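Here's the structure we're looking at; comments come further down.
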Amino acid sequence: MSRTFSPVAELRDVTLRDGLQLTGKLLRTERKVEIARHLLALGIPYLEVGSMARGDLVPPMADTLDVIAALTPEELARCYVWVATPRHVEKAAAAGVRNFQYCLSATDAHNRANIGRTTEASVAAFPEAAARAADVGGTIQLCVATALTCPFEGYVDPSRVTAIAADDRTAAATDIVLADTLGQAVPTQVAELFETVRSESPPRRMIFHGHDTWGMGVANSLAAVAAGASVVDGALGGLGGCPFAPGASGNASTEDLLFALRPPWFTPAVLTELVGIADALLADVGEPGRSKAAQGARSEATAFEWVVRGVRTE
């Protein structure tokens, strides 16, 4: 019998947004929709399916509105789209989006590089963005990028993150996402940040978005869960990275996070499906796989129930 662990957190797969931002090849819209539907059908609770960033600056996201148009309202109810301005929210809402992730950076240097304005300007615009989300009965998350380190400024004092989270202008956020954008943090730092933000800002669901640049993606995610995170982000095969953050690499792997969290719906059969989906995707975009769980699933340890045989690709 497969041992099931009581999950403390859920997983959001961000392959179709953060995972594809730095790939050498573009993925067809139809393939994105296929992957989204397959992941939802397997039981993954939430997906991030695109970004309203300018297509000329982030070409893999240029077809986000087409992806949204292809998904049903029921599917979109479990999907999030990255936004950075009230206008982004309006455009995405008109296309049918109801879950928005409003992103800004803890540091001005990265916010200017990523969004083209100061952090203060992004915070000041949040109430209008939240109002536009409320107009369509939607939810809006506040995502704080570079919450631990910044590629331009280095270490980020937790007080900067807490100030954003506790600002009256961000009070309408249904969730707060804290991002280790560069994957440079260690578990103690992540835990301390989550504990500080949880104690010094309004109560709401907390989410961790971790990268695996220094091999701490899963460890940092579990530290965030222990400190109060309800959701962790991951990408198939460890794909991902920020095009405006030098030194950033892939996300924590979806396969690895699920293997660690072990939610009831995640079985060896589901792992087999995920490995197959990831294999096909990695071949499509010409990227290597970085998931340790996927490697382990192909091992010769035949007495271990999570070792899979005959992995099927799409």
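Restricting attention to the stretch 174-213, the residues that are under 23 Å from LYS292 (Cβ atoms) and surrounded by 16 or more Cβ atoms within 10 Å (Cβ to Cβ) add up to 18.
The set of residues from the stretch 289-300 being over 19 Å from MET216 (Cβ atoms) and not basic (Lys, Arg) comprises ALA297, SER299, GLU300. Quick check: is even one residue across the stretch 213-220 part of a loop (DSSP other than H, G, I, E, B) and hydroxyl-bearing (Ser, Thr, Tyr)? Yes, because at least one residue in the stretch 213-220 is part of a loop (DSSP other than H, G, I, E, B) and hydroxyl-bearing (Ser, Thr, Tyr). Yes or no: ALA125 under 18 Å from TYR80 (Cβ atoms), in contact with a Pro (Cβ under 9 Å, 6 or more places away or on another chain), part of a helix (DSSP H, G or I) and touching a residue at least 40 places away in the same chain (Cβ under 8 Å)? In short, no. Only residues that are closer than 12 Å to LYS32 by Cβ, out of contact with any strand residue (DSSP E or B) (no Cβ under 6 Å at 6 or more places or on another chain) and touching a residue at least 40 places away in the same chain (Cβ under 8 Å) were counted across the stretch 42-73, and they come to 2.
Condition first: in contact with a Pro (Cβ under 8 Å, 6 or more places away or on another chain), in a helix (DSSP H, G or I), among the hydrophobic types (A, V, I, L, M, F, W, C) and more than 19 Å from ALA130 (Cβ to Cβ). Now tell me which residues in the stretch 147-200 satisfy that. Listed by number, the list holds a single entry, LEU193. If you go through the stretch 96-117 and keep only what is closer than 18 Å to ALA179 by Cα and β-branched (Val, Ile, Thr), you end up with THR107, ILE115.
For the stretch 74-97, a residue qualifies if it is of a type in the set (D, E, K, R), closer than 19 Å to ARG37 by Cα and out of contact with any strand residue (DSSP E or B) (no Cβ under 7 Å at 6 or more places or on another chain), and the qualifying residues are GLU74, GLU75. Which residues, taken from the stretch 1-25, are surrounded by fewer than 20 Cβ atoms within 10 Å (Cβ to Cβ), in a loop (DSSP other than H, G, I, E, B) and either among the charged types (D, E, K, R) or modelled with pLDDT of 95 or more (or both)? Result: ARG3, LYS25. The set of residues in the stretch 43-59 being modelled with pLDDT of 95 or more and either within 16 Å of LYS91 (Cβ to Cβ) or surrounded by 17 or more Cβ atoms within 10 Å (Cβ to Cβ) (or both) consists of ILE44, TYR46, LEU47, GLU48, VAL49, GLY50, SER51, MET52. Residues of the stretch 133-147 that are touching a Phe, Trp or Tyr at 6+ places or on another chain (Cβ under 8 Å) and surrounded by 22 or more Cβ atoms within 10 Å (Cβ to Cβ): ALA133, ILE140, GLN141, LEU142, CYS143.
The values are calculated or read from the model by the stated rules, or taken from the named source; none is laboratory data. Computed from a predicted structure; not experimentally measured. Note: ideal-geometry Cβ built from the backbone for every residue, glycine included; neighbour counts use all protein chains shown.
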